[in-house]
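Visitor: To start, I am sharing the structure in question, which I have written as C-alpha cells.
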C-alpha cells in the first residue's frame, strides 16, 4: 500500500510474547511461564462472574466507581485519584500517550518489563535503556540517564523478570532526584507478595511526580479478566481519564475484582503458600547448582552457567511437559524465569531440572 505508513516507531515494536502453555504432543502440562496464581481465582470471584452474567445486556459503570471506592477503602486512598485499566498495561500506555511523544524520552532499565519499550514506541517517544547493577535497578544510572527530553521513568518494584526490588530509601532518593518534568511510574504488579510493602502509595502521597500501578492478574488470579489500576496526583489522573475508553472494564470484570478483593482467606492462603514454596524451590534448585537471587515475587529467576545450558534446559523441560519462561529477550540469556506453582508443580520442575543437570554433568565428563 504505497503511501500508507504507520506512525514512526510502531514498526520497531516487537510483538509481546506471552508465557508458553504447551506444544505439539505435550501431555500432563505444567505451566510455570506466566506468573499466574496456581490456586486460580477465589470461589467468591467465580460466583460473582456467574451472577454478573445475568446483566450482560447492560453497560457497565463508565469508570468502575464501585471498584475504585472499594480499592480506596482497602488501601486508605482517594478514590478520585484512582484510574482503572484493562490490566495495568493500559495504565502504562495511557501514561505514555498522555506525557510522552515525538522528541521525548522514556527511561527503563536493562532487564525491565518489555511493555515499557512497547508503550514508549507506540507513543512515538524514544526508549532509553539504563544499566542495572547485578540485576537490581540502579538509581544512579537512572538519574544519570535523565535529560531535558525525559518524560517518564518506568520501574517495576519488585521487578519482572528478576524478582529483585529497591528499598524505600532508594525509591525516595529516585523520586526526589528526578526533575519536575519527569513522572516516576512504580509498576507494582507484584507488590502484594512483599510483606509490609505498600507498593509505593505513601510515596505517591508525598510526591507530585509518582504514579503507582497495580493489577488483579497475579495474586488475585484474574489474569483472564484484565483488571488493573493506577494511583497518582489528581492532575495526572485527570489526563489519563480523558484518554481512557469509557466503559473500559466490563461489568463481569468489575464484579470479579470486587469479590476477589473481599476474599481474604484466598488471598492469605495464596500468599502463605507462595512464600513457603518460593523458598523451597529456590533452595532445591540451588542444591543442584542452579542459583537465583532472593525473589520478592511469585517467581524465581534461575541462573545457569551459560546461555547454551539455559536453552538446553528449557528444551528438556518442554519435552517433559513443563513450560517456564526463557528471558533472553530481557538481556538474561543464561536464565529461566520459573513461576512458583503449587507444591506438586514445584517438585516436578525441580525434579526435571535435577535430571537435566545430572545428564549435563555426565555429558561434560565424557
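A short reminder: the numbers here are calculations on the coordinates, not readings from a lab. Only a predicted model underlies this, so the values are computations on that prediction, with no experimental measurement involved. Cβ placement follows ideal geometry from the backbone for every residue including glycine, while neighbour counts extend to all protein chains displayed.
Visitor: Can you tell me how much longer the chain between residue 351 and residue 306 gets when fully stretched, taken as 0.36 nm per residue apart minus their C-alpha distance, in nm with one decimal? Intermediate values should be presented prior to the final figure.
Guide: On the way: separation 45, 0.36 × 45 = 16.20 nm, distance 2.04 nm.
Working it through step by step, the gained length comes to 14.2 nm.
Visitor: Moving on to the next point. Determine the relative contact order of segment 136-248: mean sequence separation of Cα pairs under 8 Å and six or more apart, normalised by residue count, in whole percent.
Guide: Taking the mean separation of contacting Cα pairs over the length of segment 136-248, I get 20 percent.
Visitor: Also: Could you work out which residue, out of 248, 28, 274, moves most in a Gaussian network model of the chain, that is, has the largest mean-square fluctuation with Cα springs under 10 Å?
Guide: In the Gaussian network model the winner is 28.
Visitor: Quick check on segment 43-262: of the DSSP beta bridges with both residues there, what percent are antiparallel, nearest 5%? Don't jump to the answer; show the numbers that get you there.
Guide: On the way: 9 of 26 bridges.
Around 35 percent antiparallel, to the nearest 5.
Visitor: Right, another one. Say R0 is 41 Å: what FRET efficiency, to the nearest 0.05, do residue 69 and residue 110 get from their beta-carbon distance?
Guide: Working: r = 39 Å, r/R0 = 0.95.
Here the calculated transfer efficiency is 0.55.
Visitor: Select from 232, 289, 341 the residue whose mean-square fluctuation is largest in a Gaussian network model of the chain (Cα-Cα springs shorter than 10 Å).
Guide: 289
Visitor: Out of every Cα pair in the chain, what percent are spaced more than 32 Å from each other? Mind dumping the intermediate values first?
Guide: Working: 22926 of 66795 pairs.
Above the 32 Å cut-off, the chain has 34 percent of its Cα pairs.
Visitor: Starting with the highest mean, order 113-120, 318-325, 266-273 by the number of other Cβ atoms within 10 Å, averaged over the residues of each peptide.
Guide: Values: 113-120: 22.5, 318-325: 20.4, 266-273: 16.4.
Taking the mean over residues of other Cβ atoms within 10 Å, the ranking is 113-120, 318-325, 266-273.
Visitor: Relative to the first principal axis of the alpha-carbon coordinates of the chain, what is the inclination of helix 264-287, with its axis defined by its Cα atoms, in degrees from 0 to 90 and to the nearest 10?
Guide: The angle comes out at about 40 degrees.
Visitor: Any idea what log10 I(q)/I(0) is at q = 0.12, 0.17, 0.18 Å⁻¹ for segment 191-320, Debye with uniform C-alpha scatterers and no solvent?
Guide: Log10 of I(q)/I(0), two decimals: -0.70, -1.06, -1.10.
Visitor: Remind me, relative contact order of segment 23-156 in percent, using alpha carbon pairs under 8 angstrom and six or more residues apart? Provide the component values of the computation, followed by the final result.
Guide: Values: 125 pairs, mean separation 25.6, N = 134.
Averaging sequence separation for qualifying contacts and normalising by length gives 19 percent for segment 23-156.
Visitor: Now for a different question. Restricting to DSSP H runs of at least four residues, report the calculated mean residue ellipticity at 222 nm for the chain, -39500 (n - 2.57) per run over all residues, nearest 500 deg cm²/dmol. Write out the running numbers ahead of the final one.
Guide: On the way: 12 runs with 146 residues, N = 366.
Result for the chain: -12500 deg cm²/dmol, rounded to the nearest 500.
Visitor: Here is a further query. Could you give the angle, 0 to 90 degrees to the nearest 10, between helix 234-243's Cα long axis and the longest principal axis of the Cα atoms of the chain?
Guide: Approximately 80 degrees, to the nearest 10.
Visitor: If each residue of separation counts as 0.36 nm, what is the full-extension length gain between residue 59 and residue 287 once their alpha-carbon separation is subtracted?
Guide: Details: separation 228, 0.36 × 228 = 82.08 nm, distance 5.42 nm.
Separation in residues times 0.36 nm, less the Cα-Cα distance, equals 76.7 nm.
Visitor: Something else now. Give the angle, between 0 and 90 degrees and rounded to the nearest 10, that separates the Cα long axis of helix 168-177 from the longest principal axis of the Cα atoms of the chain.
Guide: 50
Visitor: Label segment 73-183 by shape, choosing from rounded, prolate and oblate, from the square roots a ≥ b ≥ c of the eigenvalues of the Cα gyration tensor; if a/c is under 1.5 it is rounded, and otherwise prolate applies when a/b is larger than b/c, oblate when it is not. Before the final figure, lay out each step's value.
Guide: Values: a/c = 1.38, a/b = 1.07, b/c = 1.29.
Rounded.
Visitor: Would you mind computing, in nm to one decimal, how far apart the modelled labels at residue 344 and residue 50 are, each placed 7 Å from Cα along Cα→Cβ?
Guide: In this crude label model, residue 344 to residue 50 measures out at 2.3 nm.
Visitor: Using a 10 angstrom cutoff on alpha carbons, build the Gaussian network for the chain and name the most mobile of 166, 240, 222.
Guide: Looking only at 166, 240, 222, the largest GNM fluctuation is found for 166.
Visitor: For the ranges 123-131, 65-73, what's the packing order if you count other beta-carbon atoms within 10 Å of each residue, average per peptide, and put the highest first? Could the numbers behind the result be given before it?
Guide: Values: 123-131: 18.9, 65-73: 17.0.
Peptide ranking by packing, descending: 123-131, 65-73.
Visitor: At a threshold of 8 angstrom on Cα-Cα distance, excluding pairs fewer than six apart, so keeping six or more, what relative contact order does segment 43-262 reach in percent?
Guide: Values: 414 pairs, mean separation 63.1, N = 220.
For segment 43-262, the relative contact order is 29 percent.
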